[in-house]
1. Are any residues in segment A:194-213 closer than 22 Å to residue B:227 by Cα, within 7 Å of another protein chain (Cβ to nearest Cβ) and within 14 Å of the chain's Cα centre (by Cα), and if so, which ones?
2. Which residues, taken from segment A:146-174, are facing chain B (nearest Cβ under 9 Å) and touching a residue at least 40 places away in the same chain (Cβ under 8 Å)?
3. Determine which member of the set A:59, A:16 is surrounded by 17 or more Cβ atoms within 10 Å (Cβ to Cβ), within 15 Å of DNA strand D (Cβ to nearest atom) and either among the basic types (Lys, Arg) or at pLDDT below 95 (or both).
4. For residue A:53, state whether it is under 23 Å from the mean Cα position of the chain (by Cα), within 11 Å of DNA strand C (Cβ to nearest atom), in a helix (DSSP H, G or I) and of a type outside the set (Lys, Arg).
5. Here are some conditions: (1) open to solvent by 20 Å² or more (accessible area, probe 1.4 Å); (2) in contact (Cβ under 8 Å) with a residue 24 or more places away in the chain; (3) facing another protein chain (nearest Cβ under 7 Å). Residue B:231 meets all but one. Which one does it not meet?
6. So which helices (runs of 4 or more DSSP H) stay within segment A:105-220 end to end and still have 2 or more residues that are open to solvent by 30 Å² or more (accessible area, probe 1.4 Å)?
7. Considering only residues that are near DNA strand C (Cβ under 9 Å from one of its atoms), open to solvent by 20 Å² or more (accessible area, probe 1.4 Å) and small (Gly, Ala, Ser), which ones fall in segment A:34-50?
8. Where the second residue is outside any helix (DSSP H, G or I) and not polar (S, T, N, Q) and the first is within 11 Å of residue A:48 (Cβ to Cβ) and lies in segment A:68-79, which pairs have Cβ atoms under 7 Å and are six or more apart or on separate chains?
There are 2 protein chains.
Amino acid sequence: MRDDDTNTPAANLALRQSANAREDQDATSKDARPRRKASIRASNESHLLACAEAVFAERGFEGASTALIAERAGLPKANLHYYFPTKLSLYWRVLDDLFEEWNAAASTFDASDDPAQAIGGYVRAKMALSRRRPLGSKVWANEIISGATHMQDILLKRVKPWMESRVTLIERWIEEGLLAPVEPRTLLFMIWATTQHYADFEAQIRALAGKRALSAASFETTTEEVVKMILRASGARSPHA
Amino acid sequence: MRDDDTNTPAANLALRQSANAREDQDATSKDARPRRKASIRASNESHLLACAEAVFAERGFEGASTALIAERAGLPKANLHYYFPTKLSLYWRVLDDLFEEWNAAASTFDASDDPAQAIGGYVRAKMALSRRRPLGSKVWANEIISGATHMQDILLKRVKPWMESRVTLIERWIEEGLLAPVEPRTLLFMIWATTQHYADFEAQIRALAGKRALSAASFETTTEEVVKMILRASGARSPHA
DNA sequence: GTCTATATAGTGATAGAC
DNA sequence: GTCTATCACTATATAGAC
C-alpha cells in the first residue's frame with residue numbers, strides 16, 4: 001500500500017493527508033466515526049511500515065532511528081511510538097509482512113509438475129519480487145547478515161518446512177530423471193542468491209552495469225537469462241520429451 | 001592476522017598482551033624502541049581492524065559503535081580514536097582490506113584460457129574466500145545494501161574495469177563456441193551471488209540446513225556442487241574436446 | 001488521535017594527566 | 001602510547017497538554 005511514496009517527508013505528508021481527507025468524505029453516517037478512526041490508524045500504520053522498511057533497508061535495525069522513520073513519514077516521533085510502542089515491534093511487523101510476500105512467491109513453485117515449469121516459474125516470481133519490493137529484500141538480507149536473531153522463528157517454523165518438502169520433491173524429480181543429480185538445497189540457495197542479488201546489490205549493479213541495466217525492459221531480458229541459466233544448472237528436462 | 005579471536009574482550013586482551021610480550025622479548029637492541037613501538041601500533045591496528053570487521057558485519061556502519069569495537073578489542077575507546085581518528089576512517093580501512101582480498105580472488109579468473117578451468121577456479125576461490133572470511137563478505141554486502149556510498153570509488157575505478165575486461169573475454173569464449181550464449185554480466189552476478197551467499201546468509205543456512213552443512217567436509221562438497229552447476233549454467237566446453 | 005517537552009542512556013570524539 | 005573524564009549531540013521512549 002503506497003509503497004512508492006517513501007522519499008521526501010513533505011510529499012509523504014501531503015499524500016497522507018489527502019488520503020485521510022478522501023476517507024473523511026465517506027464518513028457521513030453515524031457509525032462513521034469509528035470507521036474513520038480505524039482508517040486513520042490503518043493508513044498511518046501502513047505508511048509508517050513502508051517508511052520503516054526503507055530506513056531499515058538502508059541502515060539495518062541498529063542503524064535505523066525511530067526519529068528518521070517518523071520524519072520520512074511526515075509524523076512526529078511520538079506519533080510513531082503511539083502506533084508501535086517500541087522500535088522492535090515496528091521491525092517485527094515489517095519482517096512479518098515480508099514473510100507473507102516470500103510465502104506468496106514460494107507457492108508458485110508448486111504451480112506445475114514439470115520441473116522446468118516449476119523452477120522457471122519460481123525464478124520469475126522471485127525476480128519479480130526483487131523488482132517490485134527491493135527494500136523488503138534488503139531488510140531480510142540485513143536481518144540474516146546480522147545473525148537472524150529476530151527471524152529464528154520464521155526460519156525454523158515456516159521457511160524450513162517449506163524447504164524440506166521442496167527438497168523431497170526435487171529428489172523425486174531427480175529419481176525420475178527429470179533433473180540432473182543436484183544437491184536440492186544447493187539449487188534452492190542458488191536460486192535465492194541469484195534472484196535476490198538483483199534487489200540487494202542494486203547499488204553495485206547500477207555502478208557496474210549502468211542504470212539502464214535496471215530498466216524495465218532490461219530487467220525482463222535479465223529475468224529470462226537467469227531462468228535459462230538456472231534451468232541449465234539444474235539440468236531440467238521436460239517430462240513428456 | 002589473528003582474525004579468529006574476535007569474540008570475548010577478555011580473551012582478546014589476553015591474546016593481544018601476550019602478542020605484545022612476545023614482541024617485547026625481541027626488543028633488546030638499541031634500535032629496538034622504535035621497532036617495538038611500530039609493532040605495538042601494527043598489532044593494535046590490525047587487532048582493531050579485525051574486531052571492527054566483526055562489528056560492522058553484525059550491525060552495519062551506522063549501527064556499529066566505536067565503543068563496542070573498542071570493548072571487543074579489549075581497549076579503551078580513546079585508544080581506538082588514537083589509531084583511527086574517526087569511525088569512517090576505520091571503516092574505510094576495513095573496506096580497503098576487503099577489496100585487496102576480492103582482487104586476489106579475481107586474479108584466479110585469468111589462471112587458464114580454458115573457460116571451464118577459469119570459471120571453475122574462480123568459483124572455488126570465491127567459495128574459499130566466503131569460507132575463510134565470512135565477516136568481510138558481510139561488511140561488503142552491508143555496504144552495498146546501504147547504497148554503496150562509501151564504495152563508489154572502488155566499484156567504479158577498480159571493480160568495473162575488471163568486470164569490463166572479463167566481459168570481453170567471456171564474449172570471445174562465446175564466439176569461439178566454448179560457452180553458451182550467456183549475458184556475461186548475468187553470469188558474473190550469478191557467480192558472485194551464489195558464492196557470497198554462503199558467507200552472507202550463513203545464519204539462514206545454519207537454520208535451514210543445520211550446522212553440519214557448514215562443516216569443512218560438507219563445504220568442500222558444496223563447493224564442487226556449485227562449480228558443477230555454474231559450469232552447466234554457462235555451458236562451458238573444453239577447448240580441446 | 002496529535003504533538004511539545006523531556007527523562008535517561010548512549011553516541012562520536014577530545015582533553016589532558018600519566 | 002594509555003586511559004579517565006568529559007563534551008556536545010543523538011538515541012529510544014514517555015508524560016501530559018491539547
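1. Hit for segment A:194-213 is A:197, nothing else.
2. Residues satisfying the conditions are A:146, A:151, A:159.
3. Answer to the check: A:59.
4. Here the answer is no, as residue A:53 does not meet what is asked.
5. (3)
6. Result: A:115-132, A:160-175, A:202-209.
7. Across segment A:34-50, the qualifying residues are A:38, A:39, A:42.
8. Qualifying pairs under 7 Å: A:70/A:76.
The values are calculated or read from the model by the stated rules, or taken from the named source; none is laboratory data. On a predicted model such as this, the values are computed, not experimentally measured, just so you know. So basically every Cβ, Gly included, is an ideal-geometry build from the backbone, and we count neighbours across all protein chains shown. When the accessible area is computed, the model is the full protein with side chains, heavy atoms only, and any ligands, DNA or RNA have been set aside. Shrake-Rupley method; radii C 1.70, N 1.55, O 1.52, S 1.80 Å.
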